[in-house]
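The values are calculated or read from the model by the stated rules, or taken from the named source; none is laboratory data. Predicted, not measured: the structure shown is a model, and the values here were computed from it. Note that we place each Cβ from the backbone using ideal geometry, even for glycine, and neighbour counts take in every protein chain shown.
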Amino acid sequence: MLRMFTRISLSQWILVAMVIGLLLGLFLPGISLHLNPLSSTIFMRLIKSLIAPLLFSTLVVGIAGHCEDLRQMGRLAIRSFIYFEVVTTLALFIGLGAVNLARPGAGIDTTRVSAEKAQEFAGKQATVDSFLEHVFPASVVEAAAKNEVLQLVIWAVIFAIALVQTPDKYRVPILEFLEAVAQVMFKFTGLVMLYAPIAIGAAIAYTVAKSGPEVLGNLALLVMTLYTALAVFCLVVLVPVMVLFRVPVAGFWKVVREPALLAFSSASSEAALPKAMQNLEAFGVPRRIVAFVLPTGYSFNLDGSTLYLAVASIFCFQAAGVELAFTDQLLMMLMLMLTSKGVAAVPRASLVILSGTLVSFGAYLQGKGVLQPEQLTLALAAVGTILGVDAFMDMARTSINLVGNCLATVVMARWEGEFNESGVVIPSSSVEPSELPSDR
């Protein structure tokens, strides 16, 4: 019996836990409402505790230990941002097409919903100035304590560049120490992942019990529109990218399966980051590319969140009875392309960006005379209706964010000519650091 249980992979345990959590949330909602600490408190705290040391150690070792020419990092950064911009732009247009075809906002009554929450979110939207200030840490200790991933990446890159320029007698001991830290953190990740199925089951049970099937039924078309658009995005964008850059589809699926399930069931990119980094290295992607591209993509390559913003923004105007001209929709997509780049810098990020865009673009439409103040109020009130099903949509967009960033990492490795196709793919829940390809 024990041997049978040990043969079950982590992804299979997560699927079992999701089914159990769904049943608990439906039939025992009173108990399920008290299960949140098992996921958001215990599991997420363990995950957050390992992100900073894992990210810092792997990125510094990857750059200072394996990058002889610092111009490689500059080239990698430029290529990454070009790729990010192209793919997220495609995501915006797919979302725009889906919401115009399905029209999920038509007929939704928002007159009984307050717009106060949306106004509160809009007030939190980061400006370009505040986002640029947010990128650079005032204290690396504070950035690590708050798990500010982008700040950690920036600081680690600068530290690694300085380390490369340091004499060997100082540089080598630091690299050896950080390599040891990285190996320990991989082991730490494996131990934390053993708890993942319990946390995932509790998270699903809590989400279902809190939101309830009734809320999901009222906005089923919106949820279905998003899920369908995300599926189309995977088929018409991500799969062709795999073919174009000769990414092994079956192998890539094995790599992202467990992290994607973690991201979907927990609705948290942080929960999946350590496991995704571990699996990508095992897949044959050099450590410096994994440690730079994957975390950076969490701020600049959120494919699922970007597509969601396109769907949700048009949905809100549809719910307010406002028919936007195609040129106005394109202009709003341009605004979302700019504002969504800071999506990871604030809590409840997607709703903050959505509300802020509605306020800003609504003011522009009022200036044109095509939007009345009461219509803008109704559009903002539609954000309140989205809140009821946001957890279900967050699960989908977060998992696609994760898959998109993992693919971007492999694509960059292929583009740089450094993808090791003989990399070891481990389908089980544990990838030993000793099993990683030694030439990296």
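Just a few scattered comments:
- Restricting the first member to the range 283-310 and to residues that are on the phi > 0 side of the Ramachandran plot, and the second to residues that are at pLDDT 90 or above and surrounded by fewer than 24 Cβ atoms within 10 Å (Cβ to Cβ), the beta-carbon pairs closer than 7 Å and six or more apart or on different chains are GLY284/PHE419.
- Within the option set LEU92, LEU59, LEU35, LEU70, being modelled with pLDDT under 85 and at negative phi holds for one residue only, LEU70.
- Summed over the range 95-112, the residues that are at pLDDT below 85 and crowded, with 21+ Cβ neighbours inside 10 Å give a count of 2.
- Whether a residue is polar (S, T, N, Q) and touching a Leu at 6+ places or on another chain (Cβ under 7 Å) was assessed, and GLN318 does not pass this test.
- Check on LYS254, surrounded by fewer than 24 Cβ atoms within 10 Å (Cβ to Cβ) and farther than 24 Å from LEU294 by Cα: no
- Residue identified as surrounded by fewer than 21 Cβ atoms within 10 Å (Cβ to Cβ), at pLDDT below 85 and under 25 Å from the mean Cα position of the chain (by Cα) among SER422, SER428, SER438, SER434: SER428
- The set of residues from the range 73-98 being closer than 21 Å to LEU407 by Cβ and over 22 Å from the mean Cα position of the chain (by Cα) comprises MET73, ARG75.
- Matching residues in the range 323-381 - criterion: being touching a Gly at 6+ places or on another chain (Cβ under 7 Å) and modelled with pLDDT under 80: THR339
- Residues in the range 269-287 include at least one that is surrounded by 20 or more Cβ atoms within 10 Å (Cβ to Cβ) and in contact with a His (Cβ under 8 Å, 6 or more places away or on another chain).
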